[in-house]
Amino acid sequence: MRENEWLMANAGPVIRYRTAAELLHETEPAQMERLEEELLSTGMVNAWRVNVVPRFKAYEMHGSKSEAWENAMGKMYDFGLRRGMASLDRVTAPYIAWLEEKLSLPEGKRPSRFYLILVAAFLAMTGYSEEETVERVISERLETIYPFARRGDLSDFYISKEGYRLPKVWRNRPLINPDLSESGVIPSVHDLNGFLHSRSMMEDPTLRERVETIVGFILTPEYQKLEPGYGILYERETKKYYAAGWSVHLSGFFGQEVKGRSIDFDRPNLLRLSMLSHSRIARGHPWFRRSIERLKVYEDEDGLLTFPREWLPNLGTGYLISGKRMTLEENKGPRKAMTAESTFGYLEITMKKD
């Protein structure tokens, strides 16, 4: 494919490595060793690698800073670092051990399920899905969420706020049924990333069917009409309120019109498309096909794409999972860099095969 050839000739080390590994499926050891060496010597990659260090406090794992483990590990995934690279294996080993330690504790002594799936999902994305502890976390989440998704009934998702004393800043947001939030049946984007990047899960017909059922549930109008971020959680044991987050909402789902070349298409959608491209059900869904057509608005006569610069931001703060840290090229100034990032992003989404 000529687009891949263009990327290998014109893109930076990150995109060249990922193009060879993921799009061209290069198997020549000498070629891959050279590309890996170039990748790991890149200043941008090394600037992020220093953040992948053992930090196990909640605010160190989850947050909007570059030092937060979720953002650093998300960038390792974006840069193409995977299990088997010694530099990545060293820094992920403590997190695999952390999962093992926490899973050995009684249910009431474990960290919040959010932190377990947060760690497990990013480990799965970078190739560690078959580690026993990672697989256990992801499997437990699948077994918890699947019956709820299969039932597909969201009529009791929200409850009346009468009798509850929500903080003033949240009084206009809906209140999630505590029965649902406490039971853990509500899926998050981290759950979906864990499922869809679990090789053993996606290669097992029974488990794959359950994952696809959850994806199908996410792609229903009833789910997409829920409050983005879900709403407000009430913890009955502590009587505290929290803002929920990390729902799998998809902009353009209800068919917003294209406004010239300014598409009603938010930044996270590129990440959602990439994630959901692992799913057969998602790839066949009208929302997915329509989204791909919207991307193709930016395709030139050579098959290369150049998205608006704001679609691929590189902010100093913000959650990677929300599309705030999309950059793969060190020098984003030249138009060629935007074309490389856009074209690779499009091909990475559209070339998925089972």
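No lab work stands behind these numbers, since they all come straight from the coordinates. Computed from a prediction, not measured in an experiment: that's the story for all the values here. Cβ sites come from the backbone with ideal geometry, for glycine too, and all protein chains shown count toward neighbours.
Summary of values
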item: One residue from Leu24, Leu39 being without any contact (Cβ under 8 Å) to a residue 60 or more places away in the chain and surrounded by 18 or more Cβ atoms within 10 Å (Cβ to Cβ); result: Leu39
item: Every residue from the stretch 214-240 that is more than 30 Å from Gly80 (Cα to Cα), part of a loop (DSSP other than H, G, I, E, B) and not aliphatic (A, V, I, L, M); result: Thr220, Lys225, Glu227, Tyr230, Gly231, Arg236, Glu237, Thr238, Lys239
item: Set Glu182, Glu132: member being out of contact with any Cys (no Cβ under 9 Å at 6 or more places or on another chain), surrounded by fewer than 16 Cβ atoms within 10 Å (Cβ to Cβ) and farther than 30 Å from Glu203 by Cα; result: Glu182
item: Among the residues listed as Glu341, Glu310, the single one being surrounded by fewer than 19 Cβ atoms within 10 Å (Cβ to Cβ) and among the acidic types (Asp, Glu); result: Glu310
item: Test: residue in the stretch 60-67 that is in a loop (DSSP other than H, G, I, E, B), closer than 26 Å to Ser247 by Cβ, touching a His at 6+ places or on another chain (Cβ under 9 Å) and of a type in the set (Gly, Ala, Ser); result: no
item: Residues of the stretch 1-21 satisfying the condition of being buried (at least 20 other Cβ atoms within 10 Å of the Cβ) and assigned to a helix (DSSP H, G or I); result: Leu7, Pro13, Val14, Ile15, Arg16, Tyr17, Arg18, Thr19, Ala20
item: Residue within the stretch 180-189 that is over 26 Å from Met275 (Cβ atoms), touching a residue at least 24 places away in the same chain (Cβ under 8 Å) and out of contact with any Ser or Thr (no Cβ under 8 Å at 6 or more places or on another chain) present; result: yes
item: Tabulated pairs, the stretch 222-246, first free of Cβ contacts under 8 Å to residues at least 12 places away in the same chain, second exposed (fewer than 13 other Cβ atoms within 10 Å of the Cβ), C-beta under 8 angstrom, 6+ apart or interchain; result: Tyr242/Glu235
item: Test set (1) farther than 16 Å from Gly184 by Cβ; (2) touching a Pro at 6+ places or on another chain (Cβ under 7 Å); (3) crowded, with 22+ Cβ neighbours inside 10 Å - Ile145 fails condition number; result: (1)
